[in-house]
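The values are calculated or read from the model by the stated rules, or taken from the named source; none is laboratory data. Since the structure is predicted, the reported quantities are computational estimates derived from the model, not experimental observations. Glycine gets a Cβ as well: all are built from the backbone with ideal geometry, and neighbour counts include every protein chain shown.
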Amino acid sequence: MSRALLRRFPFGLHLEIDALREQVVSGLAPPAPDHPPEAVRQFRLAHHAAVQQARLYAREGFEVVIDDVLWPRGVQHLVDGLHSLTVRRVFLAPGLDVALHRNATRTNKTYDTATLDPLIRSLHPSMPVDEYRAEGWTVLDTARLTAEQTVDALLATLPG
C-alpha cells in the first residue's frame with residue numbers, strides 16, 4: 001500500500017520498519033507476541049533510523065511513509081521525532097481473515113510468511129479499530145478494496 005500511495009507523488013520514500021530491521025546480519029530478534037527485550041530494542045533502533053531518514057528526505061521535498069504495525073499510543077515517539085513535519089497516522093483494517101489471506105499470498109519476503117500467522121492472530125484482538133479512531137488515526141476498512149482503491153480512499157482523506 002505504501003508504495004502504491006507514494007507512486008502518486010513526484011518524490012516518495014518508503015521506509016519499511018521490517019526492511020530496516022532485516023538489515024541486521026547477525027542477532028536479528030524476530031517479533032513475538034511476548035515482546036522479547038531484544039526485539040523491542042531492535043524495533044526502537046529501526047524507528048529511530050526511520051525518523052532520521054524521514055527528516056532528511058522530507059527536507060528535500062519527498063513524501064515519506066514509515067510503514068509498521070503500531071498501536072494507537074505506540075506511535076508517539078515517532079511523532080515526537082518528526083515534530084516539524086506533518087504526520088498522518090493511518091490504520092488499514094481489512095479484518096483478520098483478509099489479513100491472513102494477504103499474508104499467505106505475499107511475495108515481498110524472503111522467508112515463509114506462514115510463520116507470521118500466529119503473530120497476526122495474536123495481534124489482531126489487541127488492535128481495536130475504535131481505539132485508533134479515538135486517537136485521531138485515519139482508519140480504512142480495506143477488506144474489499146484493491147490497492148489502487150485503497151490509495152484513492154486514503155488520498156480522499158487528506159486535506160487539499
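Overview of results
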read-out: Qualifying positions in region 124-147 - surrounded by 11 or more Cβ atoms within 10 Å (Cβ to Cβ) and of a type in the set (Asp, Glu); value: Glu131, Glu135, Asp141
read-out: Test: residue in region 31-50 that is surrounded by 13 or more Cβ atoms within 10 Å (Cβ to Cβ), under 15 Å from the mean Cα position of the chain (by Cα), within 22 Å of Pro159 (Cβ to Cβ) and of a type in the set (A, V, I, L, M); value: no
read-out: Residue among His48, His77 that alone is closer than 27 Å to Arg121 by Cβ and of a type outside the set (A, V, I, L, M, F, W, C); value: His77
read-out: In region 101-123, residue modelled with the lowest pLDDT [restricted to those that are under 23 Å from Leu5 (Cβ atoms) and surrounded by 14 or more Cβ atoms within 10 Å (Cβ to Cβ)]; value: Thr113
read-out: Residue within region 70-82 that is in a helix (DSSP H, G or I), surrounded by 15 or more Cβ atoms within 10 Å (Cβ to Cβ) and touching a strand residue (DSSP E or B) at 6+ places or on another chain (Cβ under 9 Å) present; value: yes
read-out: Test: residue in region 135-142 that is among the hydroxyl-bearing types (Ser, Thr, Tyr) and out of contact with any Ser or Thr (no Cβ under 7 Å at 6 or more places or on another chain); value: no
read-out: Matching residues, region 142-157, being part of a helix (DSSP H, G or I) and over 9 Å from Ala4 (Cβ atoms); value: Gln149, Asp152, Ala153, Leu154, Leu155, Ala156, Thr157
